[in-house]
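See below for the structure under consideration.
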Protein chains: 2
Amino acid sequence: MPHADMKSSKFMRTAVQVPDAQAKIAARASSGSTELVRLELAHGRTLAETVHAPHPYPFFRRSGMDGYAIVSGDTLHASSDEQIWLRVIDEIPCGYTSDQIVVEGTAARIMTGAQVPEGADAVVMLEMTESREQDGQHWIGLKRSIQPNANITPIGLEVQEGDLLLESGTTIRAGEQSVLATFGVAHVRVYRRPKVAIFATGTELLDVDEPLQPGRIRNSNSYMLRSLVVEAGGEPVMYGSIADDVAAARAKVEEAVRDNDIVVTTGGVSVGDYDIMGDLVRESDVDMLFNKVTMRPGSVTTAAVVNGKLLFALSGNPGACFVGFSLFVWPTIRMMQSDPHPYLEEWTAIMDTEYTKVNNFTRFVRGRIQIREGTVYAAPAPSRVDESSVMITIKDSDCLIVVPPERKGIAAGEKVRIIKLPQGR
Amino acid sequence: MPHADMKSSKFMRTAVQVPDAQAKIAARASSGSTELVRLELAHGRTLAETVHAPHPYPFFRRSGMDGYAIVSGDTLHASSDEQIWLRVIDEIPCGYTSDQIVVEGTAARIMTGAQVPEGADAVVMLEMTESREQDGQHWIGLKRSIQPNANITPIGLEVQEGDLLLESGTTIRAGEQSVLATFGVAHVRVYRRPKVAIFATGTELLDVDEPLQPGRIRNSNSYMLRSLVVEAGGEPVMYGSIADDVAAARAKVEEAVRDNDIVVTTGGVSVGDYDIMGDLVRESDVDMLFNKVTMRPGSVTTAAVVNGKLLFALSGNPGACFVGFSLFVWPTIRMMQSDPHPYLEEWTAIMDTEYTKVNNFTRFVRGRIQIREGTVYAAPAPSRVDESSVMITIKDSDCLIVVPPERKGIAAGEKVRIIKLPQGR
């Protein structure tokens, strides 16, 4: 009886460890295509080229002060007893250059950031000088000896020509924008944002604007996933929810696979009789990577490759859906943009409260980080109830506390591994 | 001679402490106007209403397992020696409700997440049962006693009707989306993104796509500021750069003040002869909040109120511009969206390397955080040169190390205060 076999196979899932599941995905995630965007619009995008400095920076000898460009040798014997006088031959605002050469006995008025004129080897602060007009000439008096190179930023002090500026895979934010603009990169090659299809399965799902009905809940996971995809640098494509109809679900999945880079579904991955995604993944011509992971929540998380595209069937339980996204979908979106650090960052923290719930699977507990006096503490996000299915604590969490699969709890003060959740806006 | 007076007033700036400068701004920053947006588009926006739960959640008694809804009393004497049998009277998929009442001796097949039928007070896992057909009836056998309420999530376990869900001023991210969708908030009231005009002043500035010229640099600060405004939740409006012409600058500033909520300029705030913004702020009918702050870099940072709008004249030095934005403009953008925590977060960290440069002003050194074994370390961002004007390290920084104005350095291992920089994408 094929039907019975199929049913029994639902109970025959082989659980893989989280790192093994991640490795299976990583082996199938490849970096996506690229496009050229105007620098102004590149914020949050990921560089698809490595950028080297086309010129040194600063590009010219730059004055670090408002004052006078001088020949330092002239000031060798200047002192409070012996004021020396220099004739001012030019005035150099920022953005202008002088065609005069500063020779011994002369000086040029210069502004912060302006190019130091030829001949000058130091800049003296305006406040250190005295000013005098005589015979239609402008003179400055100095009572102090000035060191060579004083207040001059040499060419290439920050960056030499050819220096590595930014590596491919870097996310473009304020500091990167500054570098790219400085070096004249008006159009920048970035990875296209991976298009991530999001849909939910389940007859129980109502749209967010529908009134509640007995036995039914609103489709919240699609909205949560949309935010997560945006934060990971992907482009979410909302497919709404589909009821428990294998034919309809298959058509939707096929459309989503065709039109997107990644497909994420929630719901329908447990072992019940009405679990559409499970049936679909088993029946279709797909390359299953795993359909059970030794983790709580979200042990029934499934990943598969369909026509070369990665499909993730996450649990319909909001907490499990969130954890599954963080561990598996987030790094996939980052890998498709060649991020050299695609996984969420891990820290060691000190448990702030005890945690007594244990499991034979690794547990990812939503928690909050607190930094006190240079030490990182973590505690489960406070909630009326300690259940991994809880939706309400997702908003209050900034980490996942990793509770190893051991038959004991974690005491307050013990070290734990935490996974930092994204903090973007 | 008014001109001479004006010039001398440039040197008569009264420096204020950073917290005092922040307080002066806070006194003038008010929350902006609001708008209603579709939940789907609310990611990254800031709630302008406090949301309470319109109904409990879960809204119905929810099965936490695939299995059978039963009357627990029936199983009181069930054991491995005494199997009890219950007649299956209905099958309840997720999203459906049963019109049958589970009475003693009966059970209903139920899926995870479905509404527990009337009469039942426990759910038993599918795997704990044995199944039998007899006389056209479906029976299940049980060899274990089941506790009342087993595997049933009661109404309101996570949230009671009327509970505070989200406070006004909260940024909407994945967890908030999940909450809002769950409770049917299809359109959400958020603060408008404050429109932030960005322009740079200086004859030395080239556009990013112009070839370099002697004595000139490209306008990188506008691009950097654009990214920072986006990360703060504002809407950047690029005004490009304007040359050192007071009349042109005044016209631009007046236009920017009229059309935007905040105006940010860079360049032209030091004490040189060509500092347009300084002149402008002194000459115009503006309410100056401060024009010097006891900080490095960026001591010449200026803030003023012009026609009720906050105007920030940041230093043209990229490092100082960055620090000035982080300390003053970031919190203003957040305050305009009623963020209860508008300032960047501060941590205590352990200095990883010594820092010997000292100053009579508080120094904000761009640095990197490293978490090792639960301890937060910070070190200045590595660079070829230790200068606060350096542009290149902005991209490598995730904190500002606060070096107090004392006549000694900070030793490795000493505690320091750090300001966490935003980490969004």
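The values are calculated or read from the model by the stated rules, or taken from the named source; none is laboratory data. Bear in mind that the values here come from a model prediction, so they are computed numbers and not experimental data. We place every Cβ from the backbone using ideal geometry, glycine too, and count neighbours over all the protein chains shown.
Go over the candidates A:R368, A:R372 one by one and state the one that is closer than 28 Å to B:F59 by Cα and of a type in the set (D, E, K, R). Outline the logic, then answer.
On the way: A:R372 fails: closer than 28 Å to B:F59 by Cα.
Just a single option satisfies the conditions, and that option is A:R368.
Let's see how each residue does on (1) surrounded by 20 or more Cβ atoms within 10 Å (Cβ to Cβ); (2) touching a helix residue (DSSP H, G or I) at 6+ places or on another chain (Cβ under 7 Å):
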position: B:R334; (1), (2): yes, no
position: B:T348; (1), (2): no, no
position: B:F364; (1), (2): yes, yes
position: B:G367; (1), (2): yes, no
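List every residue pair whose Cβ atoms sit under 8 Å apart, with the two residues 6 or more apart in sequence or on different chains, where the first one lies in region A:15-32 and is among the basic types (K, R) and the second, anywhere, is buried (at least 19 other Cβ atoms within 10 Å of the Cβ).
Once the first residue is among the basic types (K, R) and sits in region A:15-32, its partners that are buried (at least 19 other Cβ atoms within 10 Å of the Cβ) give A:K24/A:V16; A:K24/A:L289; A:K24/A:F290; A:K24/A:A303; A:R28/A:L289; A:R28/A:L310.
Yes or no: region B:88-97 includes at least one residue that is within 14 Å of chain A (Cβ to nearest Cβ) and in contact with a His (Cβ under 7 Å, 6 or more places away or on another chain). Don't jump to the end; show me each part of the working.
Looking only at region B:88-97, we keep the residues that are within 14 Å of chain A (Cβ to nearest Cβ), and these are B:88, B:90-97.
Imposing the further condition that a residue be in contact with a His (Cβ under 7 Å, 6 or more places away or on another chain) reduces the set to B:88.
Within region B:88-97, one or more residues are within 14 Å of chain A (Cβ to nearest Cβ) and in contact with a His (Cβ under 7 Å, 6 or more places away or on another chain).
Determine which single condition A:Q147 fails, assuming it passes every other condition in (1) closer than 23 Å to A:Y57 by Cβ; (2) away from chain B (no Cβ under 12 Å).
The single condition A:Q147 does not satisfy is (1).
Here is a check on your reading of the model: is B:E354 touching a residue at least 12 places away in the same chain (Cβ under 8 Å) and not β-branched (V, I, T)? Lay out the reasoning, then the answer.
Details: touching a residue at least 12 places away in the same chain (Cβ under 8 Å): yes; not β-branched (V, I, T): yes.
Here the answer is yes, as B:E354 does meet what is asked.
Looking at A:I152, A:I110, A:I140, A:I84, can you tell me which residue is touching a residue at least 24 places away in the same chain (Cβ under 8 Å), touching a helix residue (DSSP H, G or I) at 6+ places or on another chain (Cβ under 8 Å) and β-branched (V, I, T)? Before the answer, list the steps.
Values: A:I152 fails: touching a helix residue (DSSP H, G or I) at 6+ places or on another chain (Cβ under 8 Å); A:I110 fails: touching a helix residue (DSSP H, G or I) at 6+ places or on another chain (Cβ under 8 Å); A:I140 fails: touching a helix residue (DSSP H, G or I) at 6+ places or on another chain (Cβ under 8 Å).
On inspection, the qualifying residue turns out to be A:I84.
Residues to consider are B:A107, B:A114; find the one that is closer than 19 Å to B:K143 by Cα and in the same structural domain as B:P148 (by TED's automatic domain parsing).
When all the criteria are applied, what remains is B:A107.
With (1) surrounded by fewer than 18 Cβ atoms within 10 Å (Cβ to Cβ); (2) more than 12 Å from chain A (Cβ to nearest Cβ) as the list, and B:G413 as the residue in question, which single condition is left unmet?
If we test B:G413 against (1) surrounded by fewer than 18 Cβ atoms within 10 Å (Cβ to Cβ); (2) more than 12 Å from chain A (Cβ to nearest Cβ), just (2) comes out false.
Of all residues in region B:388-414, which are part of a strand (DSSP E or B), more than 17 Å from B:S315 (Cβ to Cβ) and touching a Leu at 6+ places or on another chain (Cβ under 8 Å)?
From region B:388-414, those part of a strand (DSSP E or B) are B:399-403, B:410; that's our starting set.
Then drop every residue that is not more than 17 Å from B:S315 (Cβ to Cβ), which leaves B:399, B:401-403, B:410.
Within region B:388-414, just B:C399 meets the criteria.
Here is a yes/no grid of residues against (1) within 25 Å of A:D66 (Cα to Cα); (2) crowded, with 16+ Cβ neighbours inside 10 Å:
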position	(1), (2)
A:R132	yes, no
A:G141	yes, no
A:T153	yes, yes
A:L157	yes, yes
A:Q160	no, no
A:L164	no, no
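Go through (1) surrounded by fewer than 23 Cβ atoms within 10 Å (Cβ to Cβ); (2) within 24 Å of the chain's Cα centre (by Cα); (3) within 8 Å of chain A (Cβ to nearest Cβ) one by one and return the number of the condition B:V385 breaks.
(2)
Please name all residue pairs, on different chains or six or more residues apart, with Cβ atoms under 8 Å, provided the first residue is in region B:157-185 and is within 12 Å of B:A42 (Cβ to Cβ) and more than 7 Å from chain A (Cβ to nearest Cβ) and the second residue is among the polar types (S, T, N, Q) and assigned to a strand (DSSP E or B).
B:T170/B:T46; B:I172/B:T46
For region B:99-125, which positions are more than 10 Å from B:A69 (Cα to Cα), within 13 Å of chain A (Cβ to nearest Cβ) and more than 43 Å from the chain's Cα centre (by Cα)?
B:D99
Are any residues in region B:362-376 more than 8 Å from chain A (Cβ to nearest Cβ) and over 14 Å from B:G319 (Cβ atoms), and if so, which ones? So that I can check it myself, show each step before the final result.
As a first pass, look at region B:362-376 and keep what is more than 8 Å from chain A (Cβ to nearest Cβ): B:362-370.
Within region B:362-376, B:T362, B:R368, B:I369, B:Q370 qualify.
Tally up the residues in region A:186-209 that are in a loop (DSSP other than H, G, I, E, B), more than 10 Å from every other protein chain (Cβ to nearest Cβ) and surrounded by 24 or more Cβ atoms within 10 Å (Cβ to Cβ), please. Break it down stepwise before answering.
Quick first cut of region A:186-209, residues in a loop (DSSP other than H, G, I, E, B) only: A:186, A:192-194, A:202-204, A:207-209.
In the following step, the residues that additionally are more than 10 Å from every other protein chain (Cβ to nearest Cβ) were identified as A:192-194.
Those left that are additionally surrounded by 24 or more Cβ atoms within 10 Å (Cβ to Cβ): A:194.
Looking only at that region, the number is 1.
Restricting attention to region A:45-64, does a residue exist that is on the phi > 0 side of the Ramachandran plot and within 11 Å of chain B (Cβ to nearest Cβ)?
At the first step, the residues of region A:45-64 found to be on the phi > 0 side of the Ramachandran plot are none.
No: region A:45-64 contains no residue that is on the phi > 0 side of the Ramachandran plot and within 11 Å of chain B (Cβ to nearest Cβ).
Within region B:134-152, can you find the residues that are of a type in the set (A, V, I, L, M) and within 15 Å of B:H77 (Cβ to Cβ)?
Within region B:134-152, B:L142, B:I146 meet the criteria.
Sort out which residues of region A:259-305 are at pLDDT below 95 and assigned to a helix (DSSP H, G or I), and write them in order of number.
A:I276, A:M277, A:G278, A:D279, A:L280, A:V281, A:R282, A:E283 - these are the residues of region A:259-305 that are at pLDDT below 95 and assigned to a helix (DSSP H, G or I).
I'm checking my understanding of the structure. Among residues of region B:153-188 that are of a type in the set (S, T, N, Q) and in contact with a Pro (Cβ under 7 Å, 6 or more places away or on another chain), which one is farthest from A:D398 (Cα to Cα)? Working first, answer last.
We begin by selecting, within region B:153-188, every residue of a type in the set (S, T, N, Q); these are B:153, B:160, B:168, B:170-171, B:177-178, B:182.
Pick out the ones that are also in contact with a Pro (Cβ under 7 Å, 6 or more places away or on another chain) and you get B:153, B:160, B:178.
Details: B:T153: 26, B:Q160: 24, B:S178: 15 Å.
Restricting to residues being of a type in the set (S, T, N, Q) and in contact with a Pro (Cβ under 7 Å, 6 or more places away or on another chain), the top hit is B:T153.
Across region B:372-399, what is the number of residues that are in contact with a Phe, Trp or Tyr (Cβ under 7 Å, 6 or more places away or on another chain) and closer than 21 Å to A:T170 by Cα? Break it down into steps so the answer makes sense when it comes.
Of the residues in region B:372-399, the ones in contact with a Phe, Trp or Tyr (Cβ under 7 Å, 6 or more places away or on another chain) are B:376, B:380, B:394.
Filter once more, keeping what is closer than 21 Å to A:T170 by Cα: B:380, B:394.
Here the count works out to 2.
Could you list, in sequence order, all residues of region B:342-360 that are away from chain A (no Cβ under 14 Å), over 28 Å from B:T46 (Cβ atoms) and of a type outside the set (D, E)?
Taking region B:342-360 and keeping what is away from chain A (no Cβ under 14 Å), we get B:343, B:353-360.
From the residues that got through so far, the ones that are over 28 Å from B:T46 (Cβ atoms) too are B:353-360.
Across region B:342-360, the qualifying residues are B:T353, B:Y355, B:T356, B:K357, B:V358, B:N359, B:N360.
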